[in-house]
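> For reference, the structure I am asking about is given below.
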Amino acid sequence: MHIYDAVFLEDLCPKFKIRQWRKSIHKFTGKSCIYCGKPSESIDHVLPRSQGGLSTTENCVPACLSCNGDKSDENAFYWYRRQKFYDPRRAMAIRAWLEGDLRLAIRLLQWANPNFQINNKNHEKDESAYKAA
Ligand SMILES: [Zn+2]
């Protein structure tokens, strides 16, 4: 799973580049798991590599070790729907992420979790809307 993915990625690119890329993925969600919101410790392939999933930003989401290990090679959406922490807004966020619309994905994650913190001034407007609601 993620351990093998790391080896695979490092075969393709210099280690430094991979580290920067991984960091940027975690940064998008404020280092929280896209599935459950706990601290993200790994990168999960939404479409598993065993099913042809690529190691691209669109297919790689921040995930905690628990979600990453539990999901394993299952389809992310089927797996996620069965979880106790399932949230349709997060499911939508994962879908937006897959489509490469990270802005929308981040917005949906913020909606799912109002405590979601991200250092981006552009999101201030959205945050004040939550407080008013
Ligand atoms: Zn998780």
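> For segment 37-70, give me the residue count where each residue is in a loop (DSSP other than H, G, I, E, B), within 10 Å of the ligand (Cβ to nearest atom) and under 9 Å from the mean Cα position of the chain (by Cα). Show your work before the answer.
Of all residues in segment 37-70, those in a loop (DSSP other than H, G, I, E, B) come to 37-38, 40-41, 46-48, 52-56, 64.
From what is left, the residues that are within 10 Å of the ligand (Cβ to nearest atom) are 37-38, 40-41, 64.
Within this subset, residues satisfying the condition of being under 9 Å from the mean Cα position of the chain (by Cα) are 40.
Residues flagged as in a loop (DSSP other than H, G, I, E, B), within 10 Å of the ligand (Cβ to nearest atom) and under 9 Å from the mean Cα position of the chain (by Cα) within segment 37-70 amount to 1.
> Checking I118 against (1) at pLDDT below 95; (2) among the β-branched types (V, I, T); (3) near the ligand (Cβ under 10 Å from one of its atoms), which single condition isn't satisfied?
(3)
The values are calculated or read from the model by the stated rules, or taken from the named source; none is laboratory data. Only a predicted model underlies this, so the values are computations on that prediction, with no experimental measurement involved. Don't worry about glycine lacking a Cβ; one is built from the backbone with ideal geometry, like all the others, and counts go over all protein chains shown.
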